[in-house]
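Worksheet: the structure to be examined is printed underneath.
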Amino acid sequence: MRVIKTVIFAFVLLLGAMPSGAQQWTRESLSFATIGRMDLWNTSGGKAHINGAEKKLLLFVLISPECPLCKNYSLVLNNLNREYGAQVQVLGIVPGKAYTGDTLQQFAKEHQINFPLLIDTDMRLSQYMQATVTPEVFLADSTGAIVYRGAIDDWVVGLGKKKQVAQQHYLADAISQYLDGQPVAIRSTIAKGCLINEF
């Protein structure tokens, strides 16, 4: 059974890493009032409340503790939170019911995650944002307008293909440009990663 689960997970990972040029986003803003009515839970089992107006930017990062790319990107995300945490609220969103709070606490400890992980049990937030893979990021300003969405950088280029180092740092650039009062040069990209489970 464990072998079957591993094979299925690997297949899901490969599918998520495939180029998805046909993917189109239609949502240009998020309603924090709508999000506030959704059931999100912290890893201790408590109800989480999201207030998008607390800081200049709110960053949602769709995460799965089993996705190798989420593990690989934990250092990048931790560094971004350290650098911009005073002005950017970073939230890791774990879609579905597959992972317990204990599992996520262990994941956070192992990868030294320095931002909150919230469980989107019924996947309402993930579906509302039209998220498809992990890791996938959604950066919104205090009004809910989406500043940037998509990949963290260009390290992953296709099915099983990665660059030695990332050359385009989409998320970091979007944060820096917005906070500096400059236009965000690249507002969306196609995230490549592990397909979000349907449970």
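The values are calculated or read from the model by the stated rules, or taken from the named source; none is laboratory data. All figures in this text were calculated on a predicted structure; none of them were measured in a lab. Here the Cβ positions follow ideal geometry from the backbone for every residue, glycine too, while neighbour counts run over all protein chains shown. Only protein heavy atoms, including side chains, enter the accessible area calculation; ligands, DNA and RNA are left aside. Shrake-Rupley method; radii C 1.70, N 1.55, O 1.52, S 1.80 Å.
Given the pairs K56/K97; K163/K192; K47/K97; K71/K163; K109/K163, which span a C-alpha to C-alpha distance of over 23 angstrom in this model?
Distance filter (> 23 Å) returns K56/K97; K109/K163.
Of the listed values [x] 20.9, 70; [y] 15.2, 45; [z] 15.9, 53, identify the label whose number matches Rg and Dmax of the Cα atoms in Å calculated from this model.
Computed from these coordinates, Rg and Dmax of the Cα atoms in Å corresponds to label [z].
Once you have a ≥ b ≥ c as the square roots of the Cα gyration tensor eigenvalues for segment 115-194, tell me rounded if a/c is under 1.5, and otherwise prolate or oblate according to whether a/b is larger than b/c.
It is oblate, given that a/c is not under 1.5 and a/b is not larger than b/c.
What 222 nm value per residue comes from the helices of the chain, counting each DSSP H run with n ≥ 4 as -39,500 (n - 2.57) and dividing by all residues, nearest 500 deg cm²/dmol?
About -9500 deg cm²/dmol.
If a helix is a whole DSSP H run, which ones in the chain reach 18 Å or further along their own axis (Cα) and hold a mean Kyte-Doolittle hydropathy of at least 0.0?
2-17
Between A185 and K97, what is the spin-label point distance in nm, taking each point 7 Å from the Cα along the Cα→C-beta axis?
4.6 nm
Summarise the accessible area of the chain (1.4 Å probe, protein heavy atoms) by the percent that is carbon and sulfur.
Here it works out to 54 percent.
Which one of L91, Q168, G193 is farthest out on the positive end of the charge dipole of the chain, using unit charges on Cβ (Lys, Arg +1; Asp, Glu -1) and the Cα centre as origin?
Among L91, Q168, G193, the one farthest towards the positive end of the dipole of the chain is G193.
Subtracting the Cα-Cα distance from 0.36 nm times the residue separation, let me have the gained length for K56 to N72 in nm, one decimal.
Full extension from K56 to N72 adds 3.1 nm.
So how strong a dipole does the chain carry about its Cα centre when Lys and Arg Cβ are +1 and Asp and Glu Cβ are -1, to the nearest 20 debye?
Roughly 320 debye, rounded to the nearest 20.
How big is the charge dipole of segment 93-168 about its Cα centre, in debye rounded to the nearest 20, if each Lys and Arg gets +1 on its Cβ and each Asp and Glu gets -1 on its Cβ?
With Lys and Arg at +1 and Asp and Glu at -1, about 220 debye.
With unit charges on the beta carbons (Lys and Arg positive, Asp and Glu negative) and the dipole taken about the Cα centre of segment 53-144, which residue among T121, F138, T103 sits farthest to the positive side?
Final value for the positive-end residue is F138.
How large is the dipole of segment 41-157 about the Cα centre if only Lys and Arg carry +1 and Asp and Glu carry -1, each at its Cβ, rounded to the nearest 20 debye?
The calculated dipole for segment 41-157 is roughly 220 debye.
Using 1/(1 + (r/R0)^6) with R0 = 41 angstrom and r between the beta carbons of K47 and Q164, what's the FRET efficiency to the nearest 0.05?
0.40
Using alpha-carbon pairs under 8 Å, 6+ residues apart, how would you state the relative contact order of segment 72-199 in percent?
RCO, segment 72-199: 23 percent.
Enter the accessible area per residue of segment 26-138 (Å², integer; probe 1.4 Å; all protein chains in place).
Value for segment 26-138: 44 Å² per residue.
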